[in-house]
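Heads up: the structure comes next, in structure tokens.
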Amino acid sequence: MIRRTLKQLQNMITVENDPAPYEQVEINGVCIDSRKVKKGNLFVPLKGERVDGHRFVEDAIKNGAAAALWQKDVPNPPLHLPVLIVEETLSALQELARSYRRQLDVKVVGITGSNGKTTTKDMTAALLSLRFKVQKTEGNLNNHIGMPLSILNLEEDTEMAVLEMGMSSKGEIRFLSEMAAPEAAIITNIGESHLLDLGSRDAIADAKMEIIESLPPGGLAVFNGDEPLLQERMAAHDQTLTVKTFGRGRRNTLYPVFIETGNEGSTFKVNGQDLLFNLPVLGIHNVLNALAAMLTANHFGVPFEEMNEAFSTLKLTNMRMEMVQGAKGEKIINDAYNASPTSMKAAIELVEKLTGFSKKILVLGDMLELGPQEKEFHYEIGKSIDAGNVDYVFTMGKLAAYIAEGARESLPEDRVFSFPDKESLVKELKKRTDNNTLILVKASRGMRMEDIVHSLQ
């Protein structure tokens, strides 16, 4: 993590005051939450809609912070303490991250896409770790606040950083990419997330392509070659880049020639290799995410022959196709972190194909930010459910009720349930589970469906 004196910070960001008495104070790391301050941190107070972090500056320093930023339009700065007054604290945080990134001798892999960013990040970091000292975005720190924190958390001797980039509107990926300055970029796919903000899949593709603009000549661009929207845009782009594609299609740089799925993960082969890869992650869609990671790692010198070593110890961020056990011994796929029509269909198809269970139950909640067609998207999800391979469908939320409506086209009424709240859903769900039951729990982040998982444990 960043280790600098306040005097050095003055050369990295624009400071409005003269903190001469404190210029030799050294900060170790950065924190924006006064409750999580560690000894030596620089505390950055942010002004939110409900809470102004400036209220906690003195407490943060009392609790171990070495210094703090202070926004100049906030009255009564505690000048008896080591504070740096800046125009705006969030902008200063971002400026500090950009400056620190320029000082680091690190190669950055940036990852964006509508689905699969976090899983691909985890896989890419695991593979690169076979050859390099690697750090990655922790959790979901992938936005205009999380990205600078991720960069400032990098150690000076880190050789490769794998940074996830999220967005909700045009220009955000460009902003994050300019900050991170990646040598390689992965675009996992173009889905329906953010249709509410961007209006069309074309606009989403344009926004995701912003990550490519920041690549240096000869930089690596890895993208889903099965997506025409990406193919079209990449063909019109700067041809000085090294371009590699992944997907099911045989025109891709890397594609699967064999896939076998099981209850513990997948085994697969790819073109050009005789090796059988073992991926301890559920879902064929995650095999495709693995291909993106493999292409990237191989570009930086990781041999395909060694990749199973990284896959064997792979740990994914929580709530991404995470298999857990319930109190009755039931198996629960906790995929509650987020959802879009594309990822929802992939998760349902996985459940439909898994064998060895006497009962399979879908627990699905609202998919958010889908725009004017949100009802249709939910209805089509329900309509696509295979009644021969799913025993019950439980939904929670106003939009998910349309999933139930669609499901009733193929499943009888007594196998489809729709609830307005989690408590009533869990009560009914528990009546239908035993130690040979498989349950999928999935919805958008705002639904907090992990509460249902916890209620079953």
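In region 127-142, is there at least one residue being modelled with pLDDT of 95 or more and in a helix (DSSP H, G or I)? For region 127-142, residues modelled with pLDDT of 95 or more and in a helix (DSSP H, G or I): present. Looking across 186, 145, 151, one residue alone is touching a Lys or Arg at 6+ places or on another chain (Cβ under 6 Å) and among the β-branched types (Val, Ile, Thr). It is 151.
The set of residues from region 180-214 being more than 10 Å from residue 112 (Cβ to Cβ), assigned to a helix (DSSP H, G or I) and charged (D, E, K, R) comprises 197, 201, 202, 206, 213.
Would a scan of region 428-447 turn up a residue that is surrounded by fewer than 19 Cβ atoms within 10 Å (Cβ to Cβ), under 17 Å from residue 322 (Cβ atoms) and either in contact (Cβ under 8 Å) with a residue 40 or more places away in the chain or of a type in the set (Phe, Trp, Tyr) (or both)? Yes, that holds for at least one residue.
Per the listing 42, 104, 152, the residue uniquely in contact with a Phe, Trp or Tyr (Cβ under 9 Å, 6 or more places away or on another chain), in contact (Cβ under 8 Å) with a residue 12 or more places away in the chain and of a type outside the set (Ser, Thr, Tyr) is 152. Examine region 228-243 for a residue that is under 25 Å from residue 307 (Cα atoms), crowded, with 21+ Cβ neighbours inside 10 Å and not aliphatic (A, V, I, L, M), and state whether such a residue exists. No: zero hits. Looking at 169, 214, just one residue is surrounded by fewer than 23 Cβ atoms within 10 Å (Cβ to Cβ) and in contact (Cβ under 8 Å) with a residue 40 or more places away in the chain, and that residue is 214.
Counting only residues that are under 14 Å from residue 365 (Cα atoms) and modelled with pLDDT under 95, which one in region 407-421 is surrounded by the fewest Cβ atoms within 10 Å (Cβ to Cβ)?
This residue is 421.
Only strands (runs of 3 or more DSSP E) whose full extent lies in region 261-349 are considered here, and the ones with at least 2 residues that are within 22 Å of residue 225 (Cα to Cα) and touching a strand residue (DSSP E or B) at 6+ places or on another chain (Cβ under 6 Å) are 266-270, 277-279.
Cβ-Cβ distances below 7 Å connect the following pairs, each with a first residue in region 361-386 that is outside the structural domain of residue 190 (by TED's automatic domain parsing) and more than 10 Å from residue 340 (Cα to Cα), a second residue that is among the acidic types (Asp, Glu) and assigned to a helix (DSSP H, G or I), and a separation of six or more residues or different chains: 379/405; 382/405; 386/352.
The values are calculated or read from the model by the stated rules, or taken from the named source; none is laboratory data. Computed from a predicted structure; not experimentally measured. Heads up, the Cβs are rebuilt from the backbone with ideal geometry, glycines too, and the neighbour counts pull from every protein chain shown.
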